[in-house]
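Below is one structure, written out as structure tokens, with a few remarks after it.
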Amino acid sequence: MGKLIYSGITSLDGYTVDASGSFDWAAPAEEVHGFVNDLERPIGTYLYGRRMYEVMGWWETVETDDEPDVIRDFADIWRAADKVVYSSTLAGPVTERTRVERAFDADAVKRMKDAATSDLGIGGPHLAAAAIRAGLVDEYQQFLTPIIVGGGTRYLPDDVRVDLELVDERRFARGVVFVRYRAR
């Protein structure tokens, strides 16, 4: 059985993108990116909403020859994983190892977790909110960036309560703090 892990880089006030839709403030330094790579290595399947899939699709085609090792490493990790995209508007997948589901089905995700031999990652705050409300998220990994953006898309939904246990934390240069919680 695999764990469903929700991981994201956020502002200190809990946003994944600011009010204008930008997340340029969230670009991880090499040290953080290497740490992210190690967290992502055990992920066998990514579950994405359409917007997150469109952002992450960059990793499919990026030319890594002139990129730092952490970029090449993450591209390899991402390309090796399966992807499930939840979208009612996407015509079809544009990346390898990808399938499109028209609607989020909590029971189907539960079956995926039960059958998985590796962990699953969920990306995109709207899709993650549905999984959180359904009680499917086992672990929360958040990278707090030292910026307050004052609005945008929230990392966590407002209308749910989940009791958590802190299982890891780490501080990085430039003030980024990683926290990992397990759902109780």
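We did not get these values from a lab; they are worked out from the coordinates using the rules stated. The shown structure was predicted, so the numbers you read here are calculated from the model rather than taken from an experiment. Virtual Cβ from ideal backbone geometry, glycine too; neighbours counted across all protein chains shown.
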With R₀ set to 30 angstrom, the calculated FRET efficiency between the beta-carbons of residue 158 and residue 67, to the nearest 0.05, is 0.20
For residue 116, project a label point 7 Å along Cα to C-beta. Then give me every residue of region 2-18 with its amide nitrogen under 19 Å of that point. 2-9
Quick query: amide H of residue 98 versus all other amide H atoms, modeled in the peptide plane; which residues come in under 5 Å with a sequence gap of 5 or more or a different chain? 83
Rounded D (µm²/s) - the chain, Kirkwood Rh over Cα pairs, Stokes-Einstein at 20 °C, 1.002 mPa s: 127 µm²/s
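Give me the dipole magnitude in Debye, nearest 20, for region 91-162 about the Cα centre, with unit charges on the beta carbon: positive for Lys and Arg, negative for Asp and Glu.
In total the dipole reaches around 100 debye.
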Using alpha carbon centers only, region 144-179 is separated from region 91-142 by a whole-angstrom value of 20 Å
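So how much slack lies between residue 170 and residue 38, counting 0.36 nm per residue of separation and subtracting their Cα-Cα distance, in nm?
Gain on extension, residue 170 to residue 38, equals 46.2 nm.
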Evaluate the relative contact order of the chain (contact order divided by residue number), counting alpha-carbon pairs under 8 angstrom at least 6 apart; express in whole percent. 36 percent
Projected-area mean, region 35-77, by convex hull of Cα positions, square nanometres: 3.3 nm²
Could you please report the charge total around residue 87, scoring K, R as +1 and D, E as -1 over all other residues with beta-carbon less than 12 angstrom from its beta-carbon? +3
Amide H to amide H under 5 Å from residue 17: which residues, 5+ apart in sequence or cross-chain, H placed 1.01 Å off N in plane? 153
Pull up the DSSP beta bridges for region 4-155 and report the antiparallel fraction as a percent, rounded to 5. 10 percent
